[in-house]
Amino acid sequence: EQAVSVGWGTFGKNGSMGYQGLEIMFDGKRYPKGISMHPPARGSATVEYDVPRNAERFMGKVSLNHSAVGFAGVVHFRVLDEKGRLLWRSKTSIKHPGDMEDVDISVLGVRRVTLTVDCPGENGLRHAIWLDPRFVITPKE
């Protein structure tokens with residue numbers, strides 16, 4: 001990971017939210033490979049990853065952590081390539097900790113992806129999570 005930017009706490013990875021000792025959880029399940037990005041008010045949290053050779057797809061799920069109880073507002077998730085082109089955007093605004101959306105996109109020909117969480121308003125309880133984000137690698141034959 002590189003070029004990390006968050007609005008509160010630290011970048012969370014390996015199942016940690018990156019603040020307050022919270023763990024990444026959704027629907028009562030822990031996600032030890034999840035990442036967390038708390039965006040700034042009226043701004044974006046980002047992290048960049050180099051796409052591994054032979055990677056065909058980037059997959060995962062996006063939501064709000066269970067700790068976002070009382071959340072009032074929305075967040076939007078995006079994946080950009082190294083030139084800033086949009087590869088994926090959440091179809092719906094994530095408004096509640098129970099809202100979840102799948103990410104499954106081609107990364108053929110892409111060298112780097114930027115995972116982005118956008119916050120159009122205040123950032124209280126914007127506990128944004130990426131569940132099991134991963135690159136799908138094609139085995140060499």
What does the charge count around PRO32 come to, taking other residues whose C-beta lies under 12 Å from its C-beta (Lys +1, Arg +1, Asp -1, Glu -1)? +2
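Please give me, ordered by residue number, the trypsin sites (Lys or Arg not before Pro) of region 1-66 that lie in loop per DSSP and have at most 16 other Cβ atoms within 10 Å.
LYS33, ARG42, ARG53
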Which of VAL136, ASN65, GLY98, positive extreme of dipole for the chain (C-beta unit charges): VAL136
Taking LEU108, LEU87, LEU80 and ranking on accessible area (1.4 Å, protein atoms only), highest first, one gets LEU108, LEU87, LEU80
When the accessible area of the chain is computed with all protein chains present and a 1.4 Å probe, what percentage of it is carbon and sulfur? 49
Quick one: dipole size for the chain, taken about the Cα centre, charges +1 on Lys/Arg Cβ and -1 on Asp/Glu Cβ, in debye to the nearest 20. 140
Give me a comma-separated list of calculated 3J(HN,Hα) values for region 18-31, in order, Karplus coefficients 6.51, -1.76, 1.60 applied at θ = phi - 60°, integers in Hz, x for any Gly or Pro. x, 6, 6, x, 7, 9, 6, 9, 9, 6, x, 10, 7, 10
Once amide H atoms are built 1.01 Å from N in the peptide plane, which residues 5 or more positions from ARG57, or in another chain, come under 5 Å H to H? VAL107, VAL136
Among [x] 49, 29, 25; [y] 56, 30, 28; [z] 92, 29, 26, which one is Cα extents along the principal axes in Å computed from these coordinates? [x]
Would you kindly derive the ³J(HN,Hα) couplings of region 83-91 from the backbone phi angles with the Karplus curve 6.51 cos²θ - 1.76 cosθ + 1.60 (θ = phi - 60°), listing them in order in whole Hz, with x for Gly and Pro? 9, x, 6, 6, 9, 7, 9, 4, 6
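The values are calculated or read from the model by the stated rules, or taken from the named source; none is laboratory data. Remember, it's a predicted structure, so these values are computed and weren't measured experimentally. Heads up, the Cβs are rebuilt from the backbone with ideal geometry, glycines too, and the neighbour counts pull from every protein chain shown. Accessible surface is based on the protein model in full, side chains and every heavy atom, while ligands, DNA and RNA are left aside. Shrake-Rupley method; radii C 1.70, N 1.55, O 1.52, S 1.80 Å.
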